[in-house]
Structures are given as C-alpha cells and as structure tokens.
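Report on one structure; see the data block that follows.
The values are calculated or read from the model by the stated rules, or taken from the named source; none is laboratory data. Since we're looking at a predicted model, the values are computed, not measured. Note that we place each Cβ from the backbone using ideal geometry, even for glycine, and neighbour counts take in every protein chain shown.
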Ligand code: SF4
Ligand code: SF4
C-alpha cells in the first residue's frame with residue numbers, strides 16, 4: 001500500500017466553491033462514449049436549430065442533450081476524453097437559454113412509481129461514473145439491484161471532485177440516491193464516507209434522531225453509513241466499500257438473506273449491488289426533482305502548467321483548451337493532459353478534445369514532470385507484484401498477454417489462467433507507478449481483461 005499523500009502536491013487542497021465555466025462558442029457533444037449494442041444515433045441534422053436541453057441523439061438506453069442553444073454545424077468523428085474516437089455533434093452557440101439563469105422549480109418525484117422513475121433516468125441521459133462510465137438506465141433496468149452503495153469521496157487521490165460534490169450538495173446527493181434506490185427497488189442504501197474527512201463525517205453520520213431524512217426519503221429502505229479508510233491508495237473501490245460495510249450490515253443481512261451476496265467480498269461482483277458516485281446521484285436529483293437533463297459536469301481542473309486550479313461547472317462539449325483558459329491559461333509549456341486522475345486516468349492528445357459525461361478532472365502537466373513510458377523488457381524486479389492491492393502479478397500477466405517468449409513462464413500457471421486472473425484487476429494503476437521499465441501494465445491488463453470476459 002502507498003500513502004495517498006505521495007500523490008498529492010501542495011496546491012491540491014479541497015475547494016469550497018465552484019465557478020461556472022465559460023460557455024463554449026461551439027459545443028462538441030460526444031454521442032458514442034458508452035459503447036452499447038444498440039448504437040446511439042443523431043436525431044438532428046446539420047443546419048437544425050436546437051434548444052438548450054433538447055435531445056440530439058438517442059439509443060443504447062441513453063439520451064444525449066444539447067448543452068447549449070444553437071445551430072448544428074457538423075456531425076462527424078472526433079477524439080473523446082476517454083482516449084477513443086467516436087461520433088460527435090457540433091452545436092454553434094446562439095439563441096435563448098431554457099435552463100441557464102432560470103429558477104428551477106421543485107417537482108414531487110415521490111408520487112412516481114418505479115417504471116416512471118426509470119423513464120426519468122433514461123430520458124435525462126444519466127450515466128454512472130463510479131468507475132469509467134456506464135448508462136445508469138441499462139444498469140438498473142436490466143438487472144435487479146438490491147443494495148446501492150454510494151462512494152462519497154474520490155477514488156483517485158489526485159482529484160477532489162467527488163468529495164466536493166458530496167460535501168457541497170449533500171442534500172441533493174442524498175435525495176438523488178433515494179431516486180435511484182426507488183427506481184431500482186433497492187432494499188438498502190450504503191453511504192460510504194471517508195473516515196478522515198471531518199466534513200463528510202458531519203454530513204453523512206447524522207443520526208435519525210437528529211433529523212435525518214431517512215424515513216421520508218427512504219421508506220422501507222434500510223440506510224447504512226460506513227466510514228472507509230481513505231488514507232491509503234487505492235481506497236474507494238467497490239471491494240473497499242463492501243469490506244467497510246460488512247460488520248454494519250450483519251443485522252440487515254439477518255433480516256434479508258437475499259442481499260447477503262452484496263456484502264461478500266468474494267461474491268459481490270455477481271450480486272445485485274449497484275455502486276454510484278456523488279455526481280451520478282446529483283444527476284438523478286436534477287432529473288427527478290428539477291426536470292433538468294445531463295448537460296454539464298463538475299470538473300477538477302489542475303496541473304503545474306496552469307496559472308490557477310479550480311472546480312468548474314462545465315458544459316458538456318466545452319474543449320479542454322477553453323477549460324484551461326478559464327484557469328488563467330498556461331505558465332509552463334504543456335506536455336501531457338491527463339483526464340480523471342494522475343494515478344488511474346487516461347492521457348489525451350489535444351486541447352480540442354471536449355469535456356464529456358465521463359470527465360471528472362483534467363490535469364495539465366509540464367514536460368519537467370513527465371517520465372516517458374516505453375515498451376521495454378520486464379526486468380522481473382517484482383515491484384508490481386509487491387504493490388498490487390489484489391495480489392496479482394502484473395508483470396506476469398503482461399508478459400503472457402504479449403506472448404513474450406520466456407522460459408520462466410512455465411514456472412507459473414498456464415497462460416489461460418494467468419490471463420483470466422486479469423479479471424480481478426481493479427485498474428488502480430499502482431503497478432505502472434512502480435515499474436522501473438515504465439511498462440504500460442494497467443492498460444495491457446485492462447485489454448487482457450476485456451478479452452478474457
Ligand atoms: S492496476 Fe491492476 S494489476 Fe496493477 S496494481 Fe492495480 S489492481 Fe494490480
Ligand atoms: S515492476 Fe515492471 S519490471 Fe518489475 S516485475 Fe513488474 S513489470 Fe517487470
């Protein structure tokens with residue numbers, strides 16, 4: 001285990017407020033970020049005038065909305081913030097806003113049944129960004145979800161956006177969680193806060209006697225609050241949340257044996273557990289209570305290249321270059337752009353890449369801080385094996401997957417078993433951080449994992 005403080009630099013403290021980001025002159029709206037068997041297709045054409053919040057693409061259980069009013073200027077291939085390529089709709093800003101600057105009224109979602117809530121979630125285009133990105137409607141409509149775990153802090157220590165949303169919008173996060181729990185037909189909700197965060201403890205450990213909204217918001221649903229040790233990396237994985245909840249869930253499991261698997265470290269992956277983060281819950285609140293679809297994200301913008309760091313409320317489709325400008329532009333030559341955390345995120349190659357529903361943070365890194373990654377040989381130092389929190393041998397999986405000719409490989413299990421072990425990888429990226437050969441272990445293991453499923 002590595003202390004989280006090893007990954008912090010001093011300017012990455014918590015933020016107490018966010019800024020609304022500049023509106024993009026042209027929003028580049030990705031429509032195929034979440035790969036699905038049902039393709040997402042545009043329902044607008046070049047030249048169409050669209051309203052803010054209008055649906056511009058549908059399919060795969062997710063709707064895509066225009067984040068700004070304007071005119072569709074192009075539909076074509078673009079680079080995405082997750083490092084992939086896909087279709088996007090360009091919308092040139094112009095016209096009146098339907099949501100920005102308007103007072104939001106409150107709608108009573110509690111009168112809605114489960115099917116109606118599922119449709120609210122589908123229509124609003126909500127994605128679950130607990131890990132990577134998945135379509136929330138697909139996750140909760142195709143499988144039974146009996147326990148909803150909410151991680152209230154960041155799982156990558158170089159970003160603070162989940163903690164920011166949890167602490168600054170706590171009531172909305174709690175109510176949004178209630179919306180999702182009711183849409184799932186869940187029997188229990190687990191709020192997992194970071195033990196070390198006093199603010200998080202204060203907000204989420206309210207006892208029922210102190211006016212907790214539990215009974216009103218979660219009728220018939222058990223609510224647990226558990227502290228997770230956030231001092232070490234990785235913390236905040238699905239496995240960490242399950243481990244942290246084990247003793248608190250004992251009485252609950254006794255009364256509901258059906259949900260026992262959700263609290264089993266060996267069995268939760270095949271159980272009916274759902275894991276969400278604060279922005280997913282906030283999106284559900286906005287959809288059900290305020291009738292506002294997903295058109296923006298809170299993004300932690302940081303890095304030694306920038307003149308200042310900030311939490312920005314960014315419209316989907318704003319380019320990373322526009323985001324950097326809002327932080328005062330660059331004071332050092334830019335070398336790398338890392339999306340979603342320095343430890344577990346992805347590198348993107350251009351400032352023209354748009355912010356999408358997938359983005360939680362952007363780090364602009366100067367060349368002095370970059371150590372280049374190369375595909376050289378594994379020197380079998382064993383560092384990756386020592387640090388892996390789920391006891392894999394990343395270097396071994398890497399070698400087998402790349403079909404490196406290596407006599408020693410016969411000292412291990414057969415190649416199929418080795419590749420299959422990649423399924424246990426939680427993609428924390430720690431192996432990459434210690435490898436003296438700078439091998440792209442996490443990335444290669446993720447590939448092995450996707451091919452072994
Ligand atoms: S990325 Fe996967 S293989 Fe590497 S240390 Fe983390 S869990 Fe282990
Ligand atoms: S840390 Fe790198 S060089 Fe060392 S055993 Fe692992 S893969 Fe090989």
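Grab the strands (runs of 3 or more DSSP E) fully contained in region 55-96, keeping just those with 3 or more residues being buried (at least 18 other Cβ atoms within 10 Å of the Cβ) and under 24 Å from the mean Cα position of the chain (by Cα). Full working, then the answer.
On the way: elements: 55-59, 62-65, 70-79, 85-93.
Strands (runs of 3 or more DSSP E) meeting the threshold: 55-59, 62-65, 85-93.
Would you mind stating whether residue 231 is at pLDDT 90 or above, more than 16 Å from ligand 1 (Cβ to nearest atom) and surrounded by fewer than 18 Cβ atoms within 10 Å (Cβ to Cβ)?
Details: at pLDDT 90 or above: no; more than 16 Å from ligand 1 (Cβ to nearest atom): yes; surrounded by fewer than 18 Cβ atoms within 10 Å (Cβ to Cβ): yes.
So residue 231 fails the test.
Could you please let me know if residue 164 is at pLDDT 90 or above and outside any helix (DSSP H, G or I)?
On the way: at pLDDT 90 or above: yes; outside any helix (DSSP H, G or I): no.
No.
Report the residue count in region 442-453 for those that are over 21 Å from the mean Cα position of the chain (by Cα) and near ligand 1 (Cβ under 9 Å from one of its atoms). Give the steps one after another, and end with the answer.
First pass over region 442-453, keeping only residues over 21 Å from the mean Cα position of the chain (by Cα): 448, 451-453.
Of the ones still in play, those that are also near ligand 1 (Cβ under 9 Å from one of its atoms) are none.
Here the count works out to 0.
Have a look at 38, 55 and point out the one that is over 16 Å from residue 284 (Cβ atoms) and modelled with pLDDT under 90. Steps first, answer last, please.
Numbers: 55 fails: modelled with pLDDT under 90.
Exactly one of 38, 55 is over 16 Å from residue 284 (Cβ atoms) and modelled with pLDDT under 90, namely 38.
Taking residue 352 as the residue in question, decide whether it is surrounded by fewer than 21 Cβ atoms within 10 Å (Cβ to Cβ), modelled with pLDDT of 90 or more and either at positive phi or not assigned by TED's automatic domain parsing to the domain that holds residue 235 (or both). Full working, then the answer.
Values: surrounded by fewer than 21 Cβ atoms within 10 Å (Cβ to Cβ): yes; modelled with pLDDT of 90 or more: yes; either at positive phi or not assigned by TED's automatic domain parsing to the domain that holds residue 235 (or both): yes.
Here the answer is yes, as residue 352 does meet what is asked.
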